[in-house]
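> Pasting a structure below so you can have a look.
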């Protein structure tokens, strides 16, 4: 008797559970429905010539949990310009309801061949091969580590794609990436009403010789077509030749350095120097690896299969017979200027202080101070040392560069300082500051920078050059420390900072320029105050001698000399003296008289000059007043300090004046003209001046009759100058970067303009230059605490330099100036800028021959070794069914095959359509 078997010990498979294939289909179906890939969304116009290669693309991605690492689904859509169809075109499009956009794209001869150079957009390989405007790609999430390599995996996803496409009525081709991703192998399917198009790719490392020419490919194509067609196939052919790579040697030039030139680097080709009209302390030139690859592409856009002959023995596809020929320039150029600017960006993240590089007390002992002087005496001292004349023979010049740790020697540092301060180093100065105006090149309402070639721009350029070539951050810190030493020396000797615009700090310029303007204002005030204090004893004596002669006279000059010897801050402030004797009169206000004393004239008083402030000081004041609020007494005091001073000076000059008299001079708009009931014209204060609790009235009541000679100084030039010096000496490295980056970029753009102008091609790149300046303007006026990203601007600047290198190569290729003129070269290069690095050299559709220049120059270069220079042949064979007729009630779909021949290698890309009506 057989042993009983317990059924519970056996594994029972649950066939009702969902399989992986079904789960994947459900997930994929949901994604396709969300993306709307049904037939209703497939209404579009025909493609224009080369539109697929020039338009922008929209890419959507989703990830599905499958095969351990997941499957990524990507949906590529070409963004085409909308175009209305004419009634005839609409009728033509609807003659065959089975035709989809996929079939239109496969038959579009205008998009057969894209540029041999991959654009920066990096067009997907499927769009280049088949010319499709929409397609979906399935591949592993990390295809480089886990890619599909077995037939079972291919069939799993391809069958799922076909089933899901039928369920959701998708008309968008779906591809599955197989094998190693670097091989670019795809297999796919596209469905339409009663039609199925199968996409297959085949690659052969060593193809049969007959399959490398058109005759053999036509035979292969006819064998693959699923049904017979009565019409002839359409042929499109493209041959690509490579000329010698062109290199132009533009060696590196680093200002103020004699050991870093690339003259000793061996580079093929003759040397071409970049000429400049104006000196910029920035490097220029191109790396030895810079090169331009030149390709000649000859195209036969559309032929019948019976017209052309192409076999191993004889071919009709030679350059001299091509109806269309183009030259493509693929350039890879790296500029030392762009590299310098990119390297300087790293300083923005360095938070170390300046002292950590050059040590404490790097500013040293001031040249005007004695060795044992008390620092407190120096701060409170107002009397100037003996001011040097314009010869700038200042003491202790050598001390500017001594004992500053860093990679640069004392002589190298002195050369840089001579560039920044040429008047201080006349024996070394080579580039004095220009006296002419730069209004034509600098618009302060636009870029928040500084005048070109000013001290700020020179310093910014030197810092970037030092960082890139003369010692990195250490060399940059060494130069900044020497720069601040020089400023302190100028202040101690009451000398103006050179290369800075005159006047008060201009908030339309960068902050560093404003700080140096403030330092100059302090120097001017200091010199003027010291000069007035020296004239004081002479003026007093002159006044005593003239009192007897002018005792009975009361003219303007007498009143003016009453205060000429006394200016703001020359003496300590004292209490006001109640006296009706006028003091501090400047001149009469026309023929105006006091309202309550019609016999006395109204005099304009001597007032203190306005208080200059830099942008950061104005911002600090605004923040303080915002925190205190409008009703705060301190806020009123901050706002009315200058007003109080002017009112006190007015009362001293017009002892019998009232507030209405002050308003008539100070704010005439508030002295309004009115008509009373009797029709008489009168004047009165405006509403804002008569409002209860008015600030002006309060200040007027507080003001005493104090002439400007006895008022406290509103602006302490000594204190403000020391603030500026302390500000510059205590900056951290990233703060120095923020102060100088905008002037640096501005100078770099101006240098490029100078280079382009000397090459007489500035008009070619005018739009790019204008865009750079516009972007820099926007960046310089950003109101955020942190600077916006500089990467887009630097990328555009590097692209402009790359394009200029490309032009120089094209200029040499065209034989300029011996075989072609500069105007001809520029005209053709405009086409290169507009048409993705290509230029037409022959177009027999428009002209009988080529352009007469490039065609004649390039054809002889191919005749000697044409076979060796041929790098690829691209054949596209198309066969389209007649949309107006059917065979047995069926529409014969389009057939497509592309053959790419490179040497002995062959890649076949097929899209063959078959009927599914009776399947």
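> Only residues in the range 451-464 that are surrounded by fewer than 24 Cβ atoms within 10 Å (Cβ to Cβ) count as the first member; pair them with residues that are in a helix (DSSP H, G or I), Cβ under 6 angstrom, at least 6 apart or cross-chain, and list the lot.
Once the first residue is surrounded by fewer than 24 Cβ atoms within 10 Å (Cβ to Cβ) and sits in the range 451-464, its partners that are in a helix (DSSP H, G or I) give 452/750.
> Kindly check whether there is at least one residue in the range 233-244 that is touching a residue at least 12 places away in the same chain (Cβ under 8 Å), over 52 Å from the mean Cα position of the chain (by Cα) and closer than 20 Å to residue 315 by Cβ. Don't jump to the end; show me each part of the working.
If we filter the range 233-244 for residues that are touching a residue at least 12 places away in the same chain (Cβ under 8 Å), which is where we start, we get 233-244.
Narrowing further to those that are over 52 Å from the mean Cα position of the chain (by Cα): none.
Checked the range 233-244: no residue is touching a residue at least 12 places away in the same chain (Cβ under 8 Å), over 52 Å from the mean Cα position of the chain (by Cα) and closer than 20 Å to residue 315 by Cβ.
> Any idea which residue in the range 26-60 is modelled with the lowest pLDDT, counting only those that are assigned to a loop (DSSP other than H, G, I, E, B) and surrounded by fewer than 15 Cβ atoms within 10 Å (Cβ to Cβ)?
Among residues in the range 26-60 that are assigned to a loop (DSSP other than H, G, I, E, B) and surrounded by fewer than 15 Cβ atoms within 10 Å (Cβ to Cβ), the one modelled with the lowest pLDDT is 43.
> Let me ask you something else. I'm told residue 447 meets every condition in (1) surrounded by fewer than 23 Cβ atoms within 10 Å (Cβ to Cβ); (2) modelled with pLDDT under 90 except one. Can you identify the failing condition by its number?
The number of the failed condition is (1).
> Taking only the range 803-827 into account, find how many residues are in a helix (DSSP H, G or I) and surrounded by fewer than 19 Cβ atoms within 10 Å (Cβ to Cβ). Full working, then the answer.
Filtering the range 803-827 down to residues in a helix (DSSP H, G or I) leaves 803-813, 822-827.
From what's left, surrounded by fewer than 19 Cβ atoms within 10 Å (Cβ to Cβ): 812, 822-824, 826-827.
The qualifying residues number 6.
> If you check residue 219 against the conditions, is it under 30 Å from residue 815 (Cα atoms) and modelled with pLDDT of 90 or more?
no
> Right, residue 402: within 30 Å of residue 778 (Cα to Cα) and either at pLDDT below 80 or not assigned by TED's automatic domain parsing to the domain that holds residue 748 (or both) or not?
Answer is no for this residue.
> Right, next: Is there a residue being surrounded by fewer than 18 Cβ atoms within 10 Å (Cβ to Cβ), modelled with pLDDT under 90 and over 30 Å from residue 902 (Cα atoms) anywhere in the range 235-250?
no
> Can we say residue 145 is assigned by TED's automatic domain parsing to the domain that holds residue 115, touching a residue at least 12 places away in the same chain (Cβ under 8 Å) and buried (at least 17 other Cβ atoms within 10 Å of the Cβ)?
no
> Another one. Yes or no: the range 704-720 includes at least one residue that is more than 50 Å from the chain's Cα centre (by Cα), surrounded by fewer than 23 Cβ atoms within 10 Å (Cβ to Cβ), without any contact (Cβ under 8 Å) to a residue 60 or more places away in the chain and farther than 30 Å from residue 481 by Cα.
The answer is no; no qualifying residue exists.
> Got a sec? Which of 728, 745, 739 is touching a helix residue (DSSP H, G or I) at 6+ places or on another chain (Cβ under 6 Å) and either at positive phi or buried (at least 24 other Cβ atoms within 10 Å of the Cβ) (or both)?
Being touching a helix residue (DSSP H, G or I) at 6+ places or on another chain (Cβ under 6 Å) and either at positive phi or buried (at least 24 other Cβ atoms within 10 Å of the Cβ) (or both) holds for just one of 728, 745, 739, which is 745.
> At pLDDT 50 or above, loosely packed, with under 14 Cβ neighbours inside 10 Å and either assigned by TED's automatic domain parsing to the domain that holds residue 832 or more than 30 Å from residue 872 (Cβ to Cβ) (or both): which single residue out of 349, 372 fits that description?
Going through 349, 372 in turn, the sole match is 349.
> Residue check: is residue 788 surrounded by fewer than 20 Cβ atoms within 10 Å (Cβ to Cβ) and not in a helix (DSSP H, G or I)?
For residue 788, the condition - surrounded by fewer than 20 Cβ atoms within 10 Å (Cβ to Cβ) and not in a helix (DSSP H, G or I) - is met.
Residues checked against (1) part of a helix (DSSP H, G or I); (2) at pLDDT 80 or above:
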site	(1), (2)
859	yes, no
863	yes, no
871	no, yes
874	no, yes
885	no, no
893	no, yes
897	no, yes
900	no, yes
913	no, yes
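> Still on this structure, please answer the following. So if I check each of 199, 156, 175, which one is in contact (Cβ under 8 Å) with a residue 24 or more places away in the chain, assigned to a helix (DSSP H, G or I) and crowded, with 16+ Cβ neighbours inside 10 Å?
Matching residue, one of 199, 156, 175: 156.
> Check 760, 669, 682 and return the single one that is in the same structural domain as residue 273 (by TED's automatic domain parsing), over 23 Å from the mean Cα position of the chain (by Cα) and loosely packed, with under 14 Cβ neighbours inside 10 Å.
760
The values are calculated or read from the model by the stated rules, or taken from the named source; none is laboratory data. Keep in mind the model is a prediction, meaning the values are calculated, not measured. Cβ atoms come from the backbone with ideal geometry, glycine included; neighbour counts cover every protein chain shown.
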